[in-house]
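Undergrad: Please find one structure pasted underneath; my questions will follow.
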Amino acid sequence: MNPLRRASLIVAAVGLLAPFLVVTSSSPALADTATEQIRFTTSDGVQLQTTLTGPGPITARPTVIEFTPYGPGSATFTPDENYNHLLVQLRGTGSSSGSFDALGPRSQQDVSETLQWACQQPWSNGRLGLHGFSASAIIVYNSMHLELPCVDTATLRSGTFELYRDLLVPGGVSNIVPGAAVILGIGGLALMQGPNRLATDPLASVDAIVGLLDSGVQAGLLHPTLDAFWRDRGFRGDANDLPILAVNGIFDVESRGAFEGYQELRDNGSHLLLAGGHDGYPAGTDGGQADMQAWFDHYLRDIDNGITDEPAVQLTLSDGDREDMLAGQLLHRDATDWPVPGTTWEALNLDATSSGTAHTLNDGSLTFGPAKQAGPQTYVPLPTNPLATDSPTASLLGVAGLNMLTAAIPGLNDMNGLIGLPGLSYTSPALAEDVVAAGPASLEVNLSTTSPETAIWAVVSDVHPDGTAHPLTVGRLLSSFPDIVEEKSLKDENGTVVQPYGDYSTKTPLAGFLAPRLYQVELWPIANRFKEGHRIRLDIVGASAFSLPTIPGINTVNVGGTSGSRLLFPVLPESDLSAALPAPAAVAPPAVVAPPAAPAAQPTASTPPAAPVAAVLTSLLKTVGGLVPGLGSLLGRR
C-alpha cells in the first residue's frame with residue numbers, strides 16, 4: 001500500500017496525531033522487486049527485523065538504509081533500480097525485540113552495528129547511504145557522533161536536530177499532545193505486530209510495552225529541563241564528515257531541525273532544500289524526490305550529475321498563507337548559505353497605539369521606529385486554539401484532513417477571530433510594497449506575571465487586505481528559562497542576538513514574578529512574501545491547548561520607552577522595509593536601519609523599572625473588562 005494512504009488510514013483509525021508518522025509517499029515501487037526478511041542480532045542479543053528489497057534477483061549494489069519505529073512497510077523513500085533498500089525496525093518497535101528507548105543511546109549503537117553488518121553482506125557492494133524522514137531522520141542525527149561504517153552520504157527529511165528544542169519541549173514548554181501521540185502511534189503499530197512477536201519471542205511484547213511506557217514517562221514527565229536524557233537524544237558531534245541533503249518544509253512540525261542540521265554540517269558539502277514535510281508538498285512539485293535520488297547517484301554511484309553544483313540553499317516560500325502554498329502559490333529563492341547572506345533583522349517596536357485592525361484587548365501597533373505610546377499592557381494567558389496559534393502542529397494535521405476543514409470554516413485558523421481576544425496584538429500599517437522575509441526571528445519582550453511560571457507564546461501572521469490573519473510561525477518560551485547561551489546564539493553583523501539559543505538546563509524559580517524582566521524568545525524560521533497592502537502582525541497569547549498548561553495568572557508586557565519590547569524581523573536583501581513601512585511622520589527613522597546594540601550577555605541581569613501601579617491596574621481592568629461580558633460597562637468602558 002502507498003505509504004501516504006497507509007499513514008492516512010492509521011491516523012484516521014486511531015484518531016490521534018503522530019508527528020513522526022509517515023505522511024508522504026515514497027517513490028513508486030519497482031517492477032519485479034525481490035524481498036527478503038532478515039533478522040539481525042545486536043551485541044546485546046536483541047533481534048532487529050529488517051526487510052531487504054531490490055530488483056530481482058538481488059545482487060551486490062549500493063544500498064540505502066532506513067531505520068524506523070513504525071514497523072513493516074513504513075519506508076519513506078524507494079531508490080531506483082540501481083540500488084537495494086534495507087528497512088530496519090528499531091528495537092522495541094514493529095517486529096523487533098527489545099525495549100524502545102526513545103531514540104536513545106542503545107538504539108544509536110544499534111545503528112552503528114547494523115551498518116557494520118550490512119556493509120559485509122553479499123547484497124551490499126560496500127557503499128551505503130542513509131535516508132530518514134522524521135523519526136528515521138532523528139535517529140541518524142542522534143547517531144552521528146558514532147562511527148557509521150561504509151556510509152557515504154544521507155538524505156534527511158523533517159527530523160529534529162535536538163529532540164528537546166525541535167519538537168517535544170520547544171522553548172521549555174512541554175508539547176504534551178504531540179508527544180503523547182508519538183508514543184501512542186508507535187505503540188499502536190507495535191501492538192499490531194503482536195502475533196509476529198508471539199511467534200518469534202513470547203516475551204517480546206512485554207518488553208515493547210515496558211519500553212514504550214517508560215519512554216513516554218521519561219520524555220513527557222520526568223525531564224522538564226534539558227538534562228542528560230535529552231542531550232543523549234540530540235546531535236552530539238560529527239564523526240563521519242557526511243554530506244547531508246537536509247529536506248523540509250517551512251511549516252513543518254519539526255522545521256527547526258533541518259536548518260540547524262544544515263548549519264552544523266554545511267562544511268561537509270551539505271545542502272538545504274525546502275520542498276515539503278509532514279504536511280505534504282506544494283502542488284506541481286515532487287517534494288524533493290528527484291533531488292534525493294540525484295544526491296544518492298552522485299555520492300554512491302559517482303555520477304557527475306551536477307547536484308553538488310546546485311545552490312547550497314534552495315528555499316520554497318509561502319506567498320501569504322500555508323494552504324495557498326500547498327495549492328501551488330509560492331516563491332523560490334536560492335542562496336549560498338542560511339541565513340541568507342545580506343539578511344537584515346529589522347526592529348519592529350511594540351506600540352500601545354491602536355492599529356484599528358485587530359479584535360484583541362489592546363489592538364496595538366507594530367512600529368518601524370520608536371513607539372509613539374508607551375505603557376504596560378496585560379493579558380490572561382488562557383489556552384488557545386492550536387489550529388491558529390500552533391502552526392507547526394496544525395500543518396501536520398492538515399494532511400489528515402484539517403486543510404479541508406479550515407477551507408470550509410476559514411475562521412478556525414484566523415488569528416483575527418476569537419482566538420486572539422484574550423491576548424495582545426501588534427499590527428503594522430499596510431505595506432507600501434512587497435517584503436520578502438526569510439530567517440529565524442526574535443522577540444525581545446519585557447514581561448512580568450502573577451503566576452509562578454507562564455508560557456510566553458508569540459505568533460507572527462500575514463494579515464490580508466480582507467482582515468484575515470494567517471499564522472506563519474510561532475515562538476515559545478517558559479518564563480522559568482529567562483537566560484540564553486550567548487556563544488550559541490545567532491547574531492547579526494552588529495552583534496545583536498537575532499536567534500537566541502535558550503538555556504534550558506536549570507529553571508529559575510519565580511522568574512518574572514511580579515517584576516518585569518527581559519525575555520528573548522526564539523521564533524522558528526519564517527519564509528514568506530508579505531505583499532503590498534498586507535500587514536505584519538505579532539500576537540502574544542496563551543499557549544496552545546496542545547501544550548502542558550501552567551498555573552493561571554495575569555501577564556503584563558511593557559511597550560515603548562526605554563524598557564519596551566520589539567520584534568527582530570528577518571528581511572531578505574531584495575526588500576526594503578523602510579520603503580514598505582515608513583516610520584510615523586512625527587518620528588524620524590534612524591539614519592541607518594539596523595537593530596540597536598546587542599543586549600547584555602545575561603539579559604536578566606538588567607531588570608527594567610516596574611511600571612507605575614496605576615498604569616498596570618488600568619490595563620488590568622481593561623483586560624478583565626474585555627474578558628467578562630458586561631463588566632466593561634461597569635468599569636467605565638463605553
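Undergrad: Output yes when any residue across the range 540-547 is at pLDDT 95 or above and aromatic (Phe, Trp, Tyr), and no when none is.
TA: no
Undergrad: Collect the residues in the range 347-370 that are closer than 23 Å to Gln520 by Cα, assigned to a loop (DSSP other than H, G, I, E, B) and open to solvent by less than 30 Å² (accessible area, probe 1.4 Å), keeping them in residue-number order.
TA: Correct list: Ala352, Asn362, Asp363, Gly369.
Undergrad: Considering each residue of the range 331-346, count those that are open to solvent by less than 30 Å² (accessible area, probe 1.4 Å), more than 25 Å from Tyr426 (Cβ to Cβ) and out of contact with any helix residue (DSSP H, G or I) (no Cβ under 7 Å at 6 or more places or on another chain), and give that number. Break it down into steps so the answer makes sense when it comes.
TA: Here is the first cut: in the range 331-346, the residues open to solvent by less than 30 Å² (accessible area, probe 1.4 Å) are 331, 335, 338-340, 343, 345-346.
Cutting the leftovers down to more than 25 Å from Tyr426 (Cβ to Cβ) gives us 331, 335, 338, 340.
Among the residues that remain, those that are also out of contact with any helix residue (DSSP H, G or I) (no Cβ under 7 Å at 6 or more places or on another chain) are: 331, 335, 340.
Residues that pass the stated criteria total 3.
Undergrad: Kindly establish whether Glu36 is in a strand (DSSP E or B) and over 20 Å from Ala294 (Cα atoms).
TA: yes
Undergrad: Would you be able to say whether some residue in the range 47-56 is part of a loop (DSSP other than H, G, I, E, B) and within 31 Å of the chain's Cα centre (by Cα)? Let's see the steps before the verdict.
TA: Our first condition is that a residue be part of a loop (DSSP other than H, G, I, E, B); within the range 47-56, this holds for 56.
With within 31 Å of the chain's Cα centre (by Cα) added as a condition, the list becomes none.
The answer is no, given that none of the residues of the range 47-56 is part of a loop (DSSP other than H, G, I, E, B) and within 31 Å of the chain's Cα centre (by Cα).
Undergrad: Would the range 389-400 turn up any residue that is part of a strand (DSSP E or B), out of contact with any His (no Cβ under 8 Å at 6 or more places or on another chain), surrounded by 24 or more Cβ atoms within 10 Å (Cβ to Cβ) and at pLDDT 85 or above? Spell out how you get there, then give the answer.
TA: Let us first name the residues in the range 389-400 that are part of a strand (DSSP E or B), namely none.
No - not one qualifying residue is present in the range 389-400.
Undergrad: Output the residue which, of all residues in the range 492-513 that are farther than 24 Å from Thr556 by Cβ and surrounded by fewer than 16 Cβ atoms within 10 Å (Cβ to Cβ), is nearest to the chain's Cα centre (by Cα).
TA: Ser505
Undergrad: Working only within the range 323-341, note down all residues that are closer than 20 Å to Gly261 by Cα and assigned to a loop (DSSP other than H, G, I, E, B).
TA: Thr336, Asp337, Trp338, Pro339, Val340, Pro341
Undergrad: Among (1) part of a loop (DSSP other than H, G, I, E, B); (2) over 20 Å from Ala437 (Cα atoms), where does Gly320 come up short?
TA: (2)
Undergrad: Next question. Within the group Leu567, Leu581, which residue is modelled with pLDDT of 95 or more, in contact with a strand residue (DSSP E or B) (Cβ under 8 Å, 6 or more places away or on another chain), buried (at least 17 other Cβ atoms within 10 Å of the Cβ) and of a type outside the set (Val, Ile, Thr)?
TA: Within the list Leu567, Leu581, the selection yields Leu567.
Undergrad: So, in the range 521-557, how many residues would count as being open to solvent by 10 Å² or more (accessible area, probe 1.4 Å), of a type in the set (S, T, N, Q) and assigned to a strand (DSSP E or B)?
TA: 1
Undergrad: Another one. Can you find a residue that is touching a residue at least 24 places away in the same chain (Cβ under 8 Å), among the charged types (D, E, K, R) and closer than 27 Å to Gly288 by Cβ anywhere in the range 381-390?
TA: yes
Undergrad: Taking the range 92-145, which residues are open to solvent by 10 Å² or more (accessible area, probe 1.4 Å), of a type outside the set (A, V, I, L, M, F, W, C), in contact with a Ser or Thr (Cβ under 7 Å, 6 or more places away or on another chain) and over 15 Å from Ile65 (Cα atoms)?
TA: Asp101
Undergrad: For the condition within 22 Å of the chain's Cα centre (by Cα), more than 23 Å from Ile250 (Cβ to Cβ), open to solvent by less than 10 Å² (accessible area, probe 1.4 Å) and at pLDDT 90 or above, what is the one hit in Ser451, Ser480, Ser442?
TA: Ser480
Undergrad: List pairs: first in the range 426-446 and touching a residue at least 24 places away in the same chain (Cβ under 8 Å), second of a type in the set (Phe, Trp, Tyr) and surrounded by 24 or more Cβ atoms within 10 Å (Cβ to Cβ), Cβ under 6 Å, 6+ apart or cross-chain?
TA: Sorted first by the residue in the range 426-446, then by its partner, the pairs are Leu431/Phe530; Val435/Phe530; Ala441/Phe569; Val445/Tyr519.
Undergrad: Now for a different question. With farther than 26 Å from Ser355 by Cβ and in contact with a strand residue (DSSP E or B) (Cβ under 8 Å, 6 or more places away or on another chain) as the only criterion, which of Leu477, Leu510, Leu472, Leu490 stands out?
TA: Leu490
Undergrad: For the range 57-75, which residues satisfy the criterion of being assigned to a loop (DSSP other than H, G, I, E, B), of a type outside the set (Gly, Ala, Ser) and open to solvent by 10 Å² or more (accessible area, probe 1.4 Å)?
TA: Within the range 57-75, Pro57, Ile58, Thr59, Pro72 meet the criteria.
Conditions (1) surrounded by 18 or more Cβ atoms within 10 Å (Cβ to Cβ); (2) among the hydrophobic types (A, V, I, L, M, F, W, C); (3) farther than 19 Å from Ala335 by Cβ, marked per residue:
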{"residue": "Gln263", "(1), (2), (3)": "no, no, no"}
{"residue": "Asn268", "(1), (2), (3)": "no, no, no"}
{"residue": "Leu274", "(1), (2), (3)": "yes, yes, no"}
{"residue": "Gly277", "(1), (2), (3)": "yes, no, yes"}
{"residue": "Tyr281", "(1), (2), (3)": "yes, no, yes"}
{"residue": "Thr285", "(1), (2), (3)": "no, no, no"}
{"residue": "Gln289", "(1), (2), (3)": "yes, no, yes"}
{"residue": "Phe296", "(1), (2), (3)": "yes, yes, yes"}
{"residue": "Asp302", "(1), (2), (3)": "no, no, yes"}
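Undergrad: Tell me the residue from Ser442, Ser425, Ser448 that is under 21 Å from Phe481 (Cβ atoms), among the polar types (S, T, N, Q) and touching a Ser or Thr at 6+ places or on another chain (Cβ under 6 Å), please. Break it down stepwise before answering.
TA: Working: Ser442 fails: touching a Ser or Thr at 6+ places or on another chain (Cβ under 6 Å); Ser425 fails: under 21 Å from Phe481 (Cβ atoms).
Residue meeting the stated conditions: Ser448.
Undergrad: Go over the candidates His359, His332 one by one and state the one that is at pLDDT 95 or above and not basic (Lys, Arg).
TA: His332
Undergrad: Pairs needed: first member in the range 271-294, on the phi > 0 side of the Ramachandran plot; second member anywhere, buried (at least 19 other Cβ atoms within 10 Å of the Cβ) and aromatic (Phe, Trp, Tyr); C-beta distance under 6 Å; at least 6 residues apart or different chains.
TA: Filtered contacts from the range 271-294: Gly287/Tyr281.
The values are calculated or read from the model by the stated rules, or taken from the named source; none is laboratory data. On a predicted model such as this, the values are computed, not experimentally measured, just so you know. Quick reminder, even Gly has a Cβ in these numbers, built from the backbone with ideal geometry, and neighbours come from all protein chains shown. Just the protein is used for accessible areas: all its heavy atoms, side chains included, with ligands, DNA and RNA removed. Shrake-Rupley method; radii C 1.70, N 1.55, O 1.52, S 1.80 Å.
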